[in-house]
Amino acid sequence: MCKLLALKADDKGTDPEKLIYEIYLAADQMKDKLTNDQLLLIEQWINAYKKVPDKALESIKKEVKMDMIATTISEHIFLEGKNKGKSEGKAEGRIEGKTEGKIEGKIEILENLFLQKILTREQFEKAVEPLRQQLKELME
């Protein structure tokens, strides 16, 4: 944070390129501990107060492996939504898969009972119909 503040402070006698390099290096080393919001804030701060050409900035970011962080609020929101969507989608898919598997298992048990003549066709159809309906609704 002090390095970020130094960008705005009286920086006579400092090398802005080196300062930005050190900021990105520190952020890269702490990347696992920083949220995307914090990474975006660092990026926005540097862009607001940088005193180096864009080409030099891009070179520094690539060198310290910080070239893949969001650089705008829109990009940040998009990446957050994409990440959230993936995790929610996976969880939802797992739940649906488990539910489908349970229903299919019940249908299979009923089929076996019918084949073993423990259930009549009428009993089988009466028990299986609601399960097939649930399965159909899950698939839609």
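See the values below:
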quantity: Matching option when the condition is surrounded by fewer than 15 Cβ atoms within 10 Å (Cβ to Cβ) and within 24 Å of the chain's Cα centre (by Cα), among Asp37, Asp28, Asp15; calculated: Asp37
quantity: Leading residue by the ranking (farthest from Glu63 (Cα to Cα)) among those in the range 11-48 that are acidic (Asp, Glu) and assigned to a helix (DSSP H, G or I); calculated: Asp37
quantity: Among the candidates Glu80, Glu75, Glu43, Glu88, residue that is touching a Ser or Thr at 6+ places or on another chain (Cβ under 8 Å), at negative phi and at pLDDT below 85; calculated: Glu43
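The values are calculated or read from the model by the stated rules, or taken from the named source; none is laboratory data. The structure presented is a predicted model; accordingly, all values stated were derived computationally and were not measured. Neighbour counts run over all protein chains shown; Cβ positions are idealised from the backbone, glycine included.
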